[in-house]
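As structure tokens, the structure follows; a few thoughts come after it.
The values are calculated or read from the model by the stated rules, or taken from the named source; none is laboratory data. Predicted, not measured: the structure shown is a model, and the values here were computed from it. Counting neighbours? That spans all protein chains shown, and the Cβs are built from the backbone with ideal geometry, glycine included.
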Amino acid sequence: MEETRFSFTVEAPDANKRLDKYLTEKLPKELSRTLIQKLISSSNVLLNGKAALRSHKVLTGDRLEINVPPASNSYIEAEDIPSI
């Protein structure tokens with residue numbers, strides 16, 4: 001799986017929303033608000049070319065770039081459980 005990128009320019013009706021709330025509304029519903037907050041914290045969200053803070057309030061004309069890294073493979077191997 002490869003990374004996914006999104007970009008947005010904030011329009012007037014969305015001005016003054018918290019960044020995480022704005023992205024929750026704009027990004028696909030499969031991306032939870034918790035995941036979006038983690039993306040912001042790990043510098044995968046750029047605001048006007050710089051790492052963003054989730055509490056930032058977006059302004060008209062702000063340019064957002066979001067990089068969603070591929071999901072890591074979660075493989076759990078079964079193991080034998082000795083019988084008693």
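Points to keep in mind about this one:
- Of all residues in the range 39-67, those that are surrounded by 17 or more Cβ atoms within 10 Å (Cβ to Cβ) and aliphatic (A, V, I, L, M) total 8.
- Hits in the range 2-38 (condition: touching a residue at least 12 places away in the same chain (Cβ under 8 Å) and acidic (Asp, Glu)): 2, 3, 11, 14, 20
- From 71, 52, residue being modelled with pLDDT under 95 and more than 25 Å from residue 15 (Cβ to Cβ): 71
- Selected residue [surrounded by 10 or more Cβ atoms within 10 Å (Cβ to Cβ) and either assigned to a helix (DSSP H, G or I) or hydrophobic (A, V, I, L, M, F, W, C) (or both)] from 81, 76, 36: 36
- Looking only at the range 33-84, and only at residues there that are farther than 17 Å from residue 4 by Cα and among the acidic types (Asp, Glu), the one that is farthest from the chain's Cα centre (by Cα): 80
- Enumeration of residues in the range 2-26 that are within 18 Å of residue 48 (Cα to Cα) and either among the hydrophobic types (A, V, I, L, M, F, W, C) or part of a loop (DSSP other than H, G, I, E, B) (or both): 6, 8, 10, 11, 12, 15, 16, 17, 19, 23
- Those residues of the range 39-73 which are in a strand (DSSP E or B), without any contact (Cβ under 8 Å) to a residue 40 or more places away in the chain and not aliphatic (A, V, I, L, M), in sequence order: 50
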